[in-house]
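Visitor: Let me give you the structure first, and then I'll get to my questions.
The values are calculated or read from the model by the stated rules, or taken from the named source; none is laboratory data. Bear in mind that the values here come from a model prediction, so they are computed numbers and not experimental data. Positions of Cβ are backbone-derived with ideal geometry, glycine not excepted, and every protein chain shown enters the neighbour counts. Heavy atoms of the whole protein, side chains included, go into the accessibility calculation; ligands, DNA and RNA do not. Shrake-Rupley method; radii C 1.70, N 1.55, O 1.52, S 1.80 Å.
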Amino acid sequence: MDYFIDVVVPLSLATTFTYKVSQAEHQFLQPGMRVAVPFGKRLVYTAIVWAKHHETPALYEPKDILTIIDEQPIATPIQLEFWQWIANYYMCSLGEVYKAALPSAFLLESETILSLNTHLTVDLSTLTDDEYLLFEAFEQQPILRFDEVQNILNKKKVFHVIDALLQKEIIYLNQHIHEKYKPKLVKYVALHENYKEEQKLIHLLDHQLKTEKQRALVLKYFQLQAKNTPIALKELLKEAEVSAAIFSNLEKKEIFTVYTLAEDRVQFNDAFLDDIDFTQKQQATLQNIQTSFQKHDVTLLNAVTGSGKTEMYIELIKEAVQNQQQVLFLVPEIGLTTQLVQRLTAYFGNKVAVYNSKYSENERVEVYHHVLNHTENAQIVIGSRSSVFLPFKNLQLIIIDEEHEASYKQADPAPRFHARDAAIVLAKMFKAKVLVGSATPSLESYYNAYQQKYGYVELNQRFTNVQLPEVVVVDLKEARKKKEINGFFSIKLIDAMNEAFYNGEQVLLFQNRRGFSPVLECLTCGHVPHCTMCDVSLTYYKRQNYLKCHYCGYTMAMPTKCHSCHSNELSTKGLGTEQIEDALRTIFPNKNIARMDQDTTRGKFAFERLIDGFKNREIDVMVGTQMLAKGLDFDNVTLVGIMNADSLLTLPDFRAYERAYQLLTQVAGRSGRKNKQGKVIIQTYNPYHNTIQQVTQNNYQAMFKEQMYERLHFKYPPFYRLIRLQLKHTNFDKTKDAAQWLATNLRSNIADILVLGPQEPSVNRIRNKYIQIILVKMPINKSAHSLKASIQKSINSLDSIGTFKAVRTKINVDFY
DNA sequence: AGCACGCCGACT
DNA sequence: GTCGGCGTGCTC
């Protein structure tokens with residue numbers, strides 16, 4: 001009998017691949033274990049075992065695997081089932097899910113290593129120039145990596161040179177696989193065994209220590225030893241306040257020895273438990289959630305900002321933790337959750353682990369292992385969307401905070417999954433409970449609650465007598481007419497800022513655009529500089545004095561003359577955060593002004609530094625983009641200004657009004673503090689716009705009703721499922737023809753769906769590739785599964801047409 | 001997705 | 001003649 005395994009390779013390929021194994025290997029291997037397999041001519045991939053069987057493939061000769069990597073599966077059966085669901089639902093390959101699901105350090109790199117055959121005398125006259133050059137390099141250094149060869153020959157295509165040397169047996173080749181994960185080693189200190197006996201110890205203390213510093217070091221050692229935990233060298237030196245030189249001296253004299261242990265990077269200080277002071281209202285809400293969980297697996301918690309949502313979460317987590325269950329706490333963007341992590345660790349100490357892409361690979365691997373082994377150290381995982389892929393064993397509670405956030409939906413690369421929706425499916429597999437929370441729920445979730453598919457709990461009272469802020473709308477047209485305006489700032493806004501400053505309070509200003517101004521225009525001929533590779537105008541940055549593309553990052557120096565007519569009358573149009581910052585400095589020259597957007601929060605701690613500066617009240621005004629809206633709690637902000645609400649209302653997106661409502665409400669929620677009502681000023685040219693009115697009246701219901709009507713009428717979610725197909729190619733006509741062909745094919749072959757387009761997106765060229773969009777809508781009550789299969793079929797036919805092969809199709813299910 | 005292979009035009 | 005550009009096909 002022959003033995004085979006089917007494996008998933010980390011590529012975007014639709015099928016699994018079959019390899020041959022020995023009987024012993026077959027017995028040992030289980031689905032979820034990693035194996036290294038040869039793939040194609042010279043690649044090695046870390047594949048994951050999907051299935052075992054005895055069916056000999058008819059059409060090809062299976063290769064053998066190279067090695068087994070794991071002793072135990074690193075993916076659980078539930079995970080593999082979950083991967084399959086993601087691949088089916090979001091129409092992508094298992095390989096793409098596999099790649100997204102594991103920390104990339106688990107996907108071992110294959111590295112080709114070339115070594116010199118030292119037993120051979122080489123006839124140099126038979127070598128070409130390149131071959132000779134490479135041979136010389138080998139004589140210097142007998143082992144070379146592939147990329148080193150590329151450097152030596154100073155070109156990319158080096159295979160033929162290597163091949164030639166391989167043929168002549170001058171060099172040989174071996175695959176070298178290495179784990180990327182290295183545990184961090186920490187040096188610990190122990191007294192040398194010479195001093196185990198008390199006699200000698202006394203002798204040491206009395207006679208052998210020559211200096212005060214040496215004595216201090218040894219005494220501190222004994223002091224720390226009393227705690228009965230390993231003593232880290234670093235800690236000892238710090239506590240004793242001596243330098244490393246003094247220690248190494250004692251080490252040489254064989255008084256101390258050093259040993260190393262692997263240290264977990266992910267460590268927090270011990271918990272200090274604090275009882276939460278619950279208002280009656282909160283107590284009742286908690287009760288309501290628990291009652292709702294008895295009937296519904298998913299419950300929506302609609303809680304206004306500042307109502308003590310987090311305390312509610314903590315209580316629920318406490319219960320799960322007491323029962324040894326695992327908890328997943330999903331958050332939209334981890335950079336903004338430092339405050340949350342601090343609060344949870346205060347209650348649960350080391351039981352809390354954080355999992356997100358901003359942490360290092362090694363930290364991710366550690367959390368993964370902790371979850372896999374169901375250790376205490378990761379009973380509660382706070383994480384961004386990728387943490388739904390962790391290898392949970394006993395997951396019983398999932399909390400999804402700020403559930404309406406669009407960043408839960410992954411856009412690129414595949415799998416283009418929605419973490420909220422995926423988490424709900426995952427919960428079903430575990431029979432776990434899900435709490436989705438928001439102050440401004442997504443229409444989808446609210447509708448689910450409305451239809452009683454989800455349970456629903458409301459908490460509409462703020463925690464500590466903080467009233468909801470007063471919202472004032474300023475009509476910019478009117479203000480301009482009456483000359484009640486100073487640049488971009490209405491007099492009302494300036495007055496309110498002055499009042500806040502007078503009271504020693506802080507101000508947040510929101511503007512949806514970064515840079516100085518999004519358009520540079522020639523006043524003579526109207527020419528606007530565009531990105532050379534994308535169909536967008538370049539954003540002007542005054543500080544750096546350059547123009548930058550927000551799609552591909554291309555920059556060019558600020559022109560002094562118009563490229564088209566050489567006029568030097570260039571003017572900026574439109575408003576970005578940088579320009580507001582500048583204008584503020586002229587109006588309030590002695591106030592501290594800071595800016596928070598993608599451009600100022602680069603680097604690991606830039607964000608924290610800004611937040612800390614603001615918290616410590618070193619900053620009077622913070623100008624920022626959406627980032628300001630995301631769950632930051634400042635206790636001294638009494639005024640929030642929205643520079644121009646219209647930019648939110650004119651976005652070409654069926655969710656624009658919903659998003660505008662959510663964003664404005666969230667930003668507004670930053671205003672107000674204990675015992676003082678906050679103020680929000682919204683500047684707009686459309687003061688009577690429904691959405692603006694709904695925000696000022698804090699009327700979610702009205703927004704919900706209006707938008708649901710629109711969604712039903714124009715056939716959008718939650719009544720219809722959306723699948724967005726994007727076609728991309730360097731040739732405009734080819735892209736368009738392919739899109740036309742596909743749209744026609746979809747229309748004629750699939751009943752029950754609506755096909756819109758093809759159309760060009762508002763930015764129709766990115767990085768020199770043209771884009772066409774087809775939007776497929778299907779009624780929510782039709783079986784999505786078979787319709788998706790038909791769509792896939794159409795795309796496959798497109799791929800099989802010669803001229804359209806090079807056109808890339810991206811599928812985005814539940815497009816956001 | 002990578003990556004090799006093969007075909008074609010552009011240069012030492 | 002070789003180099004490198006791009007289109008095509010394959011990966012167990």
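Visitor: Quick one: count up the residues across the stretch A:294-309 that are outside any loop (DSSP other than H, G, I, E, B) and either aliphatic (A, V, I, L, M) or crowded, with 18+ Cβ neighbours inside 10 Å (or both).
Guide: Result for the stretch A:294-309: 7.
Visitor: Working only within the stretch A:571-594, note down all residues that are within 28 Å of the chain's Cα centre (by Cα) and farther than 25 Å from A:Glu521 by Cα.
Guide: A:Ala594
Visitor: I'd like to check something: does the stretch A:220-242 contain any residue that is buried (at least 17 other Cβ atoms within 10 Å of the Cβ), charged (D, E, K, R) and modelled with pLDDT of 80 or more?
Guide: Yes.
Visitor: Enumerate the pairs (first residue in the stretch A:751-771 and at positive phi; second residue anywhere and of a type in the set (A, V, I, L, M, F, W, C) and part of a loop (DSSP other than H, G, I, E, B)) with beta-carbon separation below 7 Å, excluding pairs fewer than 6 apart on the same chain, so at least 6 apart or on different chains.
Guide: Pairs found: A:Arg767/A:Met533; A:Arg767/A:Cys534; A:Arg767/A:Cys552; A:Asn768/A:Met533.
Visitor: Moving on to the next point. Are there any pairs with C-beta distances below 9 angstrom linking a residue in the stretch A:244-257 that is of a type in the set (Asp, Glu) to a residue that is assigned to a strand (DSSP E or B), with the two at least 6 apart or on different chains, and if so which?
Guide: Hits for this filter: A:Glu251/A:Val189; A:Glu251/A:Thr257; A:Glu251/A:Val258.
Matching residues to (1) more than 25 Å from the chain's Cα centre (by Cα); (2) modelled with pLDDT of 90 or more; (3) of a type in the set (A, V, I, L, M, F, W, C):
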{"position": "A:Ala262", "(1), (2), (3)": "yes, no, yes"}
{"position": "A:Asn269", "(1), (2), (3)": "yes, no, no"}
{"position": "A:Asn288", "(1), (2), (3)": "yes, yes, no"}
{"position": "A:Ser292", "(1), (2), (3)": "yes, yes, no"}
{"position": "A:Asp297", "(1), (2), (3)": "yes, yes, no"}
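Visitor: Follow-up question, since we're still on this one. Cβ-Cβ below 8 Å, separation at least six or inter-chain, first residue in the stretch A:376-400 and under 27 Å from A:Thr440 (Cα atoms) and in a helix (DSSP H, G or I), second among the hydrophobic types (A, V, I, L, M, F, W, C) and open to solvent by 10 Å² or more (accessible area, probe 1.4 Å): which pairs?
Guide: Short answer, once both residue conditions are applied: A:Ser386/A:Ala100; A:Phe389/A:Ala100.
Condition check ((1) modelled with pLDDT of 90 or more; (2) of a type outside the set (Val, Ile, Thr); (3) open to solvent by less than 70 Å² (accessible area, probe 1.4 Å)) across all residues:
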{"residue": "A:Met703", "(1), (2), (3)": "yes, yes, yes"}
{"residue": "A:Glu706", "(1), (2), (3)": "yes, yes, yes"}
{"residue": "A:Arg711", "(1), (2), (3)": "yes, yes, yes"}
{"residue": "A:Phe714", "(1), (2), (3)": "no, yes, no"}
{"residue": "A:Arg721", "(1), (2), (3)": "yes, yes, yes"}
{"residue": "A:Gln726", "(1), (2), (3)": "yes, yes, yes"}
{"residue": "A:His729", "(1), (2), (3)": "no, yes, yes"}
{"residue": "A:Asp737", "(1), (2), (3)": "no, yes, no"}
{"residue": "A:Gln740", "(1), (2), (3)": "yes, yes, no"}
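Visitor: Does A:Glu333 satisfy the condition of being out of contact with any Lys or Arg (no Cβ under 8 Å at 6 or more places or on another chain) and open to solvent by 10 Å² or more (accessible area, probe 1.4 Å)?
Guide: It is false that A:Glu333 is out of contact with any Lys or Arg (no Cβ under 8 Å at 6 or more places or on another chain) and open to solvent by 10 Å² or more (accessible area, probe 1.4 Å).
Visitor: Sticking with this structure for a sec: Could you list, in sequence order, the residues of the stretch A:1-22 that are hydrophobic (A, V, I, L, M, F, W, C) and either within 12 Å of DNA strand C (Cβ to nearest atom) or closer than 15 Å to A:Lys63 by Cα (or both)?
Guide: Of everything in the stretch A:1-22, those that are hydrophobic (A, V, I, L, M, F, W, C) and either within 12 Å of DNA strand C (Cβ to nearest atom) or closer than 15 Å to A:Lys63 by Cα (or both) turn out to be A:Phe4, A:Ile5, A:Val7, A:Val8, A:Val9, A:Leu11, A:Leu13, A:Ala14, A:Phe17, A:Val21.
Visitor: Another question about this same structure. State all residues of the stretch A:33-52 that are of a type outside the set (A, V, I, L, M, F, W, C), out of contact with any Lys or Arg (no Cβ under 8 Å at 6 or more places or on another chain) and open to solvent by less than 30 Å² (accessible area, probe 1.4 Å); if no residue qualifies, say none.
Guide: The one that is of a type outside the set (A, V, I, L, M, F, W, C), out of contact with any Lys or Arg (no Cβ under 8 Å at 6 or more places or on another chain) and open to solvent by less than 30 Å² (accessible area, probe 1.4 Å): A:Arg34.
Visitor: Here is a further query. How about the stretch A:1-19: which of its residues are more than 16 Å from DNA strand B (Cβ to nearest atom) and modelled with pLDDT of 95 or more?
Guide: A:Tyr3, A:Phe4, A:Ile5, A:Asp6, A:Thr18, A:Tyr19
Visitor: For the stretch A:589-603, check the following and say yes or no: at least one residue is farther than 26 Å from A:Ala500 by Cα and aliphatic (A, V, I, L, M).
Guide: No.
Visitor: Given the structure, is A:Tyr657 touching a Phe, Trp or Tyr at 6+ places or on another chain (Cβ under 8 Å), at pLDDT 80 or above and within 23 Å of A:Gly437 (Cα to Cα)?
Guide: Criteria not met by A:Tyr657.
Visitor: Looking at the stretch A:502-518, can you tell me whether even one residue there is more than 37 Å from the chain's Cα centre (by Cα), more than 24 Å from A:Ala656 (Cβ to Cβ) and surrounded by fewer than 19 Cβ atoms within 10 Å (Cβ to Cβ)?
Guide: Scanning the stretch A:502-518 turns up at least one residue that is more than 37 Å from the chain's Cα centre (by Cα), more than 24 Å from A:Ala656 (Cβ to Cβ) and surrounded by fewer than 19 Cβ atoms within 10 Å (Cβ to Cβ).
Visitor: What is the one condition in (1) more than 8 Å from DNA strand C (Cβ to nearest atom); (2) among the charged types (D, E, K, R); (3) open to solvent by 20 Å² or more (accessible area, probe 1.4 Å); (4) without any contact (Cβ under 8 Å) to a residue 60 or more places away in the chain that A:Asp70 does not satisfy?
Guide: Only one criterion is unmet by A:Asp70, namely (3).
Visitor: Also, quick follow-up: For A:Ser407, state whether it is over 11 Å from A:Pro103 (Cβ atoms), in contact (Cβ under 8 Å) with a residue 24 or more places away in the chain and either of a type outside the set (A, V, I, L, M) or open to solvent by less than 10 Å² (accessible area, probe 1.4 Å) (or both).
Guide: Criteria met by A:Ser407.
Visitor: In the stretch A:195-210, what residues are open to solvent by less than 100 Å² (accessible area, probe 1.4 Å) and more than 53 Å from the chain's Cα centre (by Cα)?
Guide: A:Lys200, A:Leu201, A:Ile202, A:His203, A:Leu204, A:Leu205, A:Asp206, A:Gln208, A:Leu209
Visitor: Hey, does the stretch A:353-363 have a residue that's modelled with pLDDT of 90 or more and either in a helix (DSSP H, G or I) or not hydrophobic (A, V, I, L, M, F, W, C) (or both)?
Guide: Within the stretch A:353-363 (the criterion being modelled with pLDDT of 90 or more and either in a helix (DSSP H, G or I) or not hydrophobic (A, V, I, L, M, F, W, C) (or both)), the answer is yes, since at least one residue qualifies.
Visitor: For residues that are small (Gly, Ala, Ser) and open to solvent by 30 Å² or more (accessible area, probe 1.4 Å), tally how many sit in the stretch A:420-463.
Guide: Residues in the stretch A:420-463 being small (Gly, Ala, Ser) and open to solvent by 30 Å² or more (accessible area, probe 1.4 Å): 0 in total.
Visitor: Scan the stretch A:544-556 and give yes if some residue there is among the hydroxyl-bearing types (Ser, Thr, Tyr), assigned to a loop (DSSP other than H, G, I, E, B) and touching a residue at least 40 places away in the same chain (Cβ under 8 Å), otherwise no.
Guide: yes
Visitor: Considering only residues that are assigned to a loop (DSSP other than H, G, I, E, B) and touching a helix residue (DSSP H, G or I) at 6+ places or on another chain (Cβ under 7 Å), look in the stretch A:607-631 and name the one that is nearest to A:Leu476 (Cα to Cα).
Guide: Selected residue: A:Thr625.
Visitor: Among the residues of the stretch A:782-795, is there at least one that is under 28 Å from A:Val536 (Cα atoms), open to solvent by 60 Å² or more (accessible area, probe 1.4 Å) and not β-branched (Val, Ile, Thr)?
Guide: The answer is no, given that none of the residues of the stretch A:782-795 is under 28 Å from A:Val536 (Cα atoms), open to solvent by 60 Å² or more (accessible area, probe 1.4 Å) and not β-branched (Val, Ile, Thr).
Visitor: Pick out the one residue from A:Glu25, A:Glu55 that is more than 12 Å from DNA strand C (Cβ to nearest atom) and touching a residue at least 24 places away in the same chain (Cβ under 8 Å).
Guide: Criteria check complete, one pass: A:Glu25.
Visitor: If I go through the stretch A:80-102 residue by residue, how many of them are open to solvent by less than 10 Å² (accessible area, probe 1.4 Å) and out of contact with any helix residue (DSSP H, G or I) (no Cβ under 7 Å at 6 or more places or on another chain)?
Guide: 3
Visitor: Let me ask you something else. Have a look at A:Thr601, A:Thr684, A:Thr586 and point out the one that is open to solvent by 10 Å² or more (accessible area, probe 1.4 Å) and in contact with a helix residue (DSSP H, G or I) (Cβ under 8 Å, 6 or more places away or on another chain).
Guide: Checking each option against the conditions leaves just A:Thr601.
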